[in-house]
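Working notes, beginning with the structure itself.
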Amino acid sequence: MRGFAPARAEAEGVLERKYRAIPDAAHAEANLRHITSEPHMAGTEGSHRVAEWLRDQYRSFGFDADIVTYSAYLGLPREVSLELMTPERKKLATPEQAYEADKDTANPKAVGAFNAYSASGDVTAPVVYVNYGTQEDYRALAAIGVSVEGKIALARYGHCYRGIKTKLAEEHKALGLVIFSDPGDDGYVQGDVFPTGPWRPMSGVQRGSVEYTEIYPGDPLTSGVGAESGTKRASPGEAMNLSRIPTMPINAQDAAAILASMGGVHVPRNWQGGLPFTYHVGPGNTTLHMKVSVDYQQRPIYDVIAKLHGTSDDEWVMLGNHHDAWVYGAVDPGSGTAAMLETARGLGELARSGWKPRRTIVMCEWDGEEPGLIGSTEFVEANLAELQAKAVAYINTDVGVSGPNFGGSATPSLKELIRDAAREVQAPGGSRSVYDAWLEHVANADGQFSGAARLTAKAEPSGDAPLGDLGAGSDFCAFLDHAGIPSMDMGFEGDYGVYHSIYDDFYWMKTFGDPTFAYHATLAKVLGTAALRLDEADVLPFDYPAYAWEVSRAAYGLNTRAQEAAVASEKMKAVVEASAQFTASATRASAALQKAHGTVTVAVEDRINRELVQIEQSLLEPGGLSHRPWYKHTIYAPGSYAGYAAELLPGLSEALDNMDRPAIDREADALTAALQRASERLDMVARLASSK
Ligand SMILES: [Zn+2]
């Protein structure tokens with residue numbers, strides 16, 4: 001057992017088995033029923049009520065729990081309207097349809113469709129279809145002489161974070177952006193639609209933020225510091241992560257009315273979506289009138305922080321998920337929270353029966369994730385020094401359950417820990433482990449995954465179950481990218497087309513996602529097992545040879561790119577050398593640690609652990625990445641034009657994309673220095689582990 005002396009591994013096994021007997025499906029179902037009982041968007045009283053209920057739940061499990069409040073610049077929609085003006089007039093922005101089978105779909109308190117952090121605006125202009133609205137799509141448009149300048153861009157959801165669509169539309173001088181859900185991507189082309197099946201019906205809309213989180217997430221006016229009441233704030237005009245054009249989301253039936261009327265040339269074959277007619281690029285004679293009016297104010301954000309105190313309060317094992325939802329949020333985020341509450345109940349029961357955690361367990365329920373990772377970002381910014389001194393790792397579980405397929409993403413040092421935890425837990429409905437079910441699914445799916453990024457990980461050549469890299473898109477972002485705390489995200493996924501719509505509700509989960517709630521209970525068991533391993537380990541169970549392998553592979557790839565582009569330099573060579581040194585140091589430290597188990601004193605183990613928790617932080621560049629200094633990590637960041645997907649060695653990679661030679665040199669220097677710092681820490685670990 002990684003991190004445990006052989007004599008201690010048995011006791012850990014007993015503790016974990018005792019824990020895994022506790023989480024159950026009935027409690028998880030009751031949790032989700034409560035969480036989804038009313039809409040609870042960030043910035044509303046519903047969100048405050050959920051936070052109070054969560055705090056009380058954690059207290060009832062024996063945690064020391066409180067609400068921490070921040071004040072963020074956050075808008076709620078006043079008016080979001082859309083009208084087709086020509087070739088015929090038609091009111092659009094139609095609401096999501098209510099269904100008799102599911103009374104929750106008729107709630108007038110559900111917020112209408114809007115994109116958080118859209119600018120207000122009132123524009124009338126011809127429309128151009130821009131496919132997914134990616135850089136590549138705009139290049140294709142330019143090649144056929146079509147521009148969105150002075151027009152309204154119409155993009156379908158998918159392929160990149162929606163904020164990137166807004167940023168690119170703005171960069172190409174569009175007056176506004178309308179984003180629609182295409183049935184080819186998450187509607188009837190994929191399968192039966194709600195309420196018959198799990199996919200998006202024609203009236204279903206995807207709400208969501210267009211904050212430029214790849215520049216910085218969180219409160220737009222307090223980048224880098226906690227949004228507390230006395231904090232000095234920028235003006236909205238100074239905020240670099242806000243768009244200047246209006247953006248709104250629409251459903252497929254409204255998109256059909258617009259697209260069917262459009263002229264211009266036929267779209268390229270791979271731009272054709274799932275609506276039953278040929279799409280045209282436009283503009284032709286189709287004009288739209290869009291109006292977005294947003295009520296921006298300082299609004300309260302309610303995080304819940306719950307602690308189960310350990311023997312040492314100087315080391316924290318952290319878990320988190322958000323509690324705010326666009327409407328009910330049964331999958332996103334309720335399923336993760338329902339499982340986390342079962343994890344907390346299990347840990348609380350262990351504590352009541354006499355166990356005391358070695359390290360303090362901190363469970364966090366974030367508010368404001370949906371508009372822009374606000375609760376977690378402000379918490380990390382406000383408590384940066386303490387977190388960097390104490391936090392051992394952060395375990396996230398957004399979108400905890402939307403089906404039966406396990407997956408995860410993590411910093412490479414923690415990937416094997418997720419696999420280990422999955423090996424210990426029984427999968428629902430059979431005698432095999434979550435890990436074996438995971439491997440079997442990966443083999444059958446043959447690398448073909450849909451849905452969230454964590455399932456796009458390809459099979460590993462080693463035969464291990466694949467895990468993705470952390471980009472952005474959930475609350476681990478500030479922990480990893482800003483604070484350098486090792487992080488992971490995991491959950492069970494499946495056919496899930498109702499993301500960010502009113503239909504992501506209890507009925508959906510009970511009918512399609514997890515009717516017996518067995519996967520919720522199973523997730524709680526995996527989460528708790530991973531947390532207990534981290535909590536109780538003699539030596540923190542980080543796998544740095546795996547980390548070094550991934551860094552070396554990426555560095556080698558970038559060096560090859562640089563050679564092909566004839567910009568290879570001594571500085572690029574130094575990066576490759578520093579990654580080889582990192583690999584050698586990681587291998588030596590790992591071998592020394594294996595030999596040391598049970599032979600070094602507790603005091604030496606403490607010193608080893610203090611070194612180990614600093615390694616990830618030594619990969620931070622204090623000045624941050626070029627053009628986005630909030631992002632400090634030299635190994636991981638969200639891509640500037642992908643948004644959710646992780647970009648490896650982001651500073652250097654983007655400097656190469658831009659063929660910016662001074663930036664290539666600067667970023668290569670920063671990366672080399674970071675890898676050298678990490679190697680020195682690992683060398684210290686090896687020395688300590690070899691000392692007697
Ligand atoms: Zn979420």
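Which of the chymotrypsin sites (Phe, Trp or Tyr not before Pro) found in segment 274-374 are in a DSSP loop and have at most 10 neighbouring Cβ atoms, other than their own, within 10 Å?
On the way: sites: Phe277, Tyr279, Tyr296, Tyr302, Trp316, Trp326, Tyr328, Trp355, Trp366; in loops: Phe277, Tyr279, Trp326, Tyr328, Trp355.
Sparse-neighbourhood loop chymotrypsin sites (Phe, Trp or Tyr not before Pro): Phe277.
Remark: the Cα gyration tensor places segment 54-101 in the oblate category, a/c being 1.5 or greater and a/b not exceeding b/c.
Please get the size of the charge dipole for segment 554-642, origin at its Cα centre, with Cβ charges of +1 on Lys and Arg and -1 on Asp and Glu, quoted in debye to the nearest 20.
40
About its Cα centre, segment 641-692 has a charge dipole of approximately 480 debye under the convention of +1 per Lys or Arg Cβ and -1 per Asp or Glu Cβ, with nothing else charged. For the chain, the Cβ-based charge dipole about the Cα centre amounts to some 500 debye (Lys, Arg positive; Asp, Glu negative; other atoms uncharged). Relative contact order of the chain, taken over Cα pairs closer than 8 Å and 6 or more residues apart, is 18 percent.
The protection proxy used here, the mean number of other Cβ atoms lying within 10 Å of each residue, ranks peptides 562-568, 26-32, 75-81 as follows, highest first: 26-32, 75-81, 562-568. In the chain, the longest principal axis of the Cα atoms and the axis of helix 45-60 are about 20 degrees apart.
Based on the Cβ-Cβ distance of Ser120 and Ala7, what FRET efficiency does E = 1/(1 + (r/R0)^6) give at R0 = 51 Å, to the nearest 0.05?
On the way: r = 65 Å, r/R0 = 1.27.
The calculated FRET efficiency here is 0.20.
Can you tell me how segment 23-90 classifies by the Cα gyration tensor, rounded, prolate or oblate, using a/c under 1.5 as the rounded cut? Since a/c reaches 1.5 but b/c is at least a/b, the shape of segment 23-90 is classed as oblate.
Counting helices only, and only those DSSP H runs with n ≥ 4, report the 222 nm mean residue ellipticity of the chain as the sum of -39,500 (n - 2.57) divided by its residues, in deg cm²/dmol to the nearest 500.
On the way: 19 runs with 259 residues, N = 692.
One gets -12000 deg cm²/dmol as the mean residue ellipticity at 222 nm.
Helix 6-20 axis versus longest C-alpha principal axis of the chain: approximately 40°, rounded to the nearest ten. Ranking Gly226, Asn241, Leu175 by how far each Cα lies toward the positive end of the dipole of segment 125-258 (charges on Cβ) leaves Leu175 at the top. Classified by the C-alpha gyration tensor, segment 351-403 has an oblate form. Its axis ratio a/c, with a ≥ b ≥ c, is 1.5 or above, and a/b does not exceed b/c.
DSSP finds beta bridges in the chain, and of those with both partners inside it, around 60 percent are antiparallel. Name the residue farthest towards the positive end of the dipole of the chain from the options Ile418, Leu319, Pro300, assuming +1 on Cβ of Lys and Arg, -1 on Cβ of Asp and Glu, about the Cα centre. Ranked along the dipole, the leading option is Ile418. Give me the angle, in degrees from 0 to 90, between the Cα long axis of helix 162-171 and the longest principal axis of the Cα atoms of the chain, rounded to the nearest 10. For 162-171 against the chain, the angle is about 60 degrees.
Counting Lys +1, Arg +1, Asp -1, Glu -1, what net charge surrounds Glu570 among other residues with beta carbon under 12 Å of its beta carbon? Please report the intermediate quantities before stating the final value.
Details: positive: Lys571, Lys573; negative: Glu577, Asp665, Asp669.
Cβ neighbours under 12 Å give a net charge of -1.
The protection proxy used here, the mean number of other Cβ atoms lying within 10 Å of each residue, ranks peptides 158-171, 574-587 as follows, highest first: 158-171, 574-587. Kindly flag which residue pairs out of Lys167/Lys390; Lys390/Lys415; Lys90/Lys165 have an alpha-carbon separation exceeding 31 Å in this structure. From the list (Lys167/Lys390; Lys390/Lys415; Lys90/Lys165), the Cα-Cα distance tops 31 Å for Lys167/Lys390.
What number comes out for accessible area per residue over the chain if the probe is 1.4 Å? Units Å², please. Each step should come with its number before you reach the end.
Values: 24280 Å² over 692 residues.
Heavy-atom SASA per residue in the chain reads 35 Å².
Model label sites at Ala580 and Tyr556, defined 7 Å from Cα along the beta-carbon direction, differ in position by 1.2 nm.
For Ala655, what charge total do you get from the other residues with a beta carbon under 9 Å from its beta carbon, if Lys and Arg give +1 and Asp and Glu give -1? Spell out each step's value before the answer.
Details: positive: Arg661, Arg666; negative: Glu654, Asp657, Asp660, Asp665, Glu667.
So the surrounding residues net to -3.
Net length available on complete extension from Asp64 to Gln426 is 127.2 nm, with 0.36 nm assigned per residue and the Cα-Cα distance removed.
Across the options Ala98, Ser37, Trp53, the greatest Cα extent toward the positive end of the charge dipole of segment 14-107 (unit charges at beta carbon of Lys, Arg, Asp, Glu) belongs to Trp53. Note on Lys109 and Asn270: the model spin-label points, each 7 Å out from Cα along the C-beta direction, lie 4.6 nm apart.
Taking the Cβ of Glu214 as the centre, find all other residues whose Cβ is under 9 Å away and add up their charges (Lys, Arg: +1; Asp, Glu: -1).
+2
The values are calculated or read from the model by the stated rules, or taken from the named source; none is laboratory data. Only a predicted model underlies this, so the values are computations on that prediction, with no experimental measurement involved. Methodologically, a virtual Cβ is constructed for each residue, glycine included, from the backbone with ideal geometry; neighbour enumeration extends over all protein chains shown. When the accessible area is computed, the model is the full protein with side chains, heavy atoms only, and any ligands, DNA or RNA have been set aside. Shrake-Rupley method; radii C 1.70, N 1.55, O 1.52, S 1.80 Å.
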